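Please read the structure below before turning to the comments.
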Amino acid sequence: MQLKYRGVDYEYVPPQVAAKPTELVGTYRGLEWRFKTATSSVQQPTLDLVYRGVAYQTGQHPTVPEKSISSSPAVKAGASAKDMARALMLGHHTLIKHRQQSMLGRVAAEVGLGLEASHYWSHIQGKANPGFRATYDRSPAALS
């Protein structure tokens, strides 16, 4: 069969496929269609091709080199969830403390108290007032 592709003429010989008829019959657009089964697989041609400067050959199974397992030193895991939660809690606690301290300084300046009063911090046993956590934390709208 004579073919032409992009101005290049070439002769194409389609491979002959040995097939045996089956009992299956169908219809396509009103015509009867009989199905056949291939008795052997069609051998694909092997071609030497080049793609982007890399040569390869079709019709062969690719040979994948085995990856050697290297003995690398164990990598230490990152911080645990417990440690990260603790760091987050300490960060929030420090943020609340700074906000309360700045509020105390502003109120002391408005009232006319001295600088000594603005450095006072009623931080008993490392606990902050639980009511401040709800009002001084990040806004839930900031997460959206």
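What follows is calculated from the coordinates using simple rules that are stated; it is not laboratory data. Since the model is a prediction, treat every value here as computed from it, not as a measurement. FYI the Cβ positions are ideal-geometry reconstructions off the backbone, even for glycines, and counts take in every protein chain you see.
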Mean Cβ neighbour count within 10 Å, used as a protection proxy, ranking 16-27, 87-98, 71-82 highest first:
87-98, 16-27, 71-82
Shape call for segment 2-41, from the Cα gyration tensor axes a ≥ b ≥ c (a/c under 1.5 means rounded, otherwise prolate when a/b beats b/c, else oblate), comes out oblate
